[in-house]
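Notes follow once the structure below has been shown.
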Amino acid sequence: MNQQFIIFFKALLGSCKDLLPIVIVIAFFQFVVLQQPMPNVGDIFIGLLLVVLGLTFFIYGLEMGLFPIGESMAKAFARKGSISWLLTFAFCLGFGTTVAEPSLIAVAREAATVAASGGIIAATEVAQNEYANGLRYTVAFAVGLAIVIGVLRIIRGWPIQYLILGGYALVVIMTAFAPSWIIGIAYDSGGVTTSTITVPLVTALGVGLASSIKGRNPMIDGFGLIAFASLTPMIFVMAYGMVLS
């Protein structure tokens, strides 16, 4: 119990250190540049305290639960020796974590609202929900496929740089042909997929898998899955925009 408390206390101190630069920047511009008193000091203090606690619990939860389970499942699938089940797990993991990603849900809703106001889709709740869900599932499918490609790369030992360069070359080519209203959404979709839920599990999967395969270096081969998870949604969302057009 004492050991767990010490670990949590260290995580709390780490969160405070991480947020300290942000607090210093805001305070400097508020009091030195703007030379204005801080409004609603009590609410800001309570909000800052909640942010520190939330970040601490989040990091503590990752280290306690998500990272270990991701690594253990990857090692278990590697020992089982079934590539088909491993790839199925990789796709489901990428798809499921992306669908549940809060940042993607927010971006999809905002994109649906803007699309309706711009006349791209009908300005009805049903049309906006269909557009937002279509965008979410397109991105989720893209991330699931990306994790499958990343797992195959680890298993086969493919060099990551050629895959990434080829993927971004395809992004550039598709940008020239995709509708202008989908390009910005597609580029943002690549960023929002690598957030709070997806990153911990996918990283743990890559590191655990590379640690379990003979001849693979966890430092060299275990990372890189997040790069695929950022790349493929841009391709698929632009294709989604082409289909809608």
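The values are calculated or read from the model by the stated rules, or taken from the named source; none is laboratory data. None of these values were measured; they are calculated from a predicted model. Don't worry about glycine lacking a Cβ; one is built from the backbone with ideal geometry, like all the others, and counts go over all protein chains shown. Heads up: the accessible areas ignore ligands, DNA and RNA and are worked out on the full protein's heavy atoms, side chains in. Shrake-Rupley method; radii C 1.70, N 1.55, O 1.52, S 1.80 Å.
Summary table below
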read-out	value
Identity of the residue in segment 173-192, in contact (Cβ under 8 Å) with a residue 12 or more places away in the chain and among the small types (Gly, Ala, Ser), that ends up most open to solvent (accessible area, probe 1.4 Å)	GLY191
Residue list for segment 114-133, restricted to those being hydroxyl-bearing (Ser, Thr, Tyr) and surrounded by 14 or more Cβ atoms within 10 Å (Cβ to Cβ)	TYR131
Residue in segment 84-94 that is over 28 Å from TYR137 (Cα atoms) and surrounded by 13 or more Cβ atoms within 10 Å (Cβ to Cβ) present	no
Pairs with Cβ under 6 Å, 6+ apart, first in segment 29-47 and free of Cβ contacts under 8 Å to residues at least 60 places away in the same chain, second hydrophobic (A, V, I, L, M, F, W, C) and surrounded by 11 or more Cβ atoms within 10 Å (Cβ to Cβ)	GLN30/MET38
Failed condition for SER195, given (1) within 12 Å of the chain's Cα centre (by Cα); (2) of a type outside the set (A, V, I, L, M); (3) crowded, with 16+ Cβ neighbours inside 10 Å	(3)
Close pairs from segment 148-172: first more than 18 Å from ARG216 (Cα to Cα) and open to solvent by less than 50 Å² (accessible area, probe 1.4 Å), partner in a helix (DSSP H, G or I) and among the polar types (S, T, N, Q), Cβ under 9 Å, at least 6 apart	GLY167/THR232
Filter result for GLU101 (acidic (Asp, Glu) and open to solvent by less than 40 Å² (accessible area, probe 1.4 Å))	yes
Residue match in segment 46-63 (condition: small (Gly, Ala, Ser), surrounded by 13 or more Cβ atoms within 10 Å (Cβ to Cβ) and within 19 Å of LEU201 (Cβ to Cβ))	yes
Segment 24-45, residues that are assigned to a helix (DSSP H, G or I) and open to solvent by 60 Å² or more (accessible area, probe 1.4 Å)	ILE24, VAL25, ILE26, PHE28, PHE29, PHE31, VAL32, VAL33, VAL41, ASP43, ILE44, PHE45
Failed criterion for ALA74 (all others in (1) surrounded by fewer than 17 Cβ atoms within 10 Å (Cβ to Cβ); (2) more than 30 Å from LEU19 (Cα to Cα); (3) touching a helix residue (DSSP H, G or I) at 6+ places or on another chain (Cβ under 9 Å); (4) at pLDDT below 80 hold)	(1)
Single condition ALA106 does not satisfy, out of (1) open to solvent by less than 40 Å² (accessible area, probe 1.4 Å); (2) closer than 19 Å to SER195 by Cβ; (3) of a type in the set (Gly, Ala, Ser)	(1)
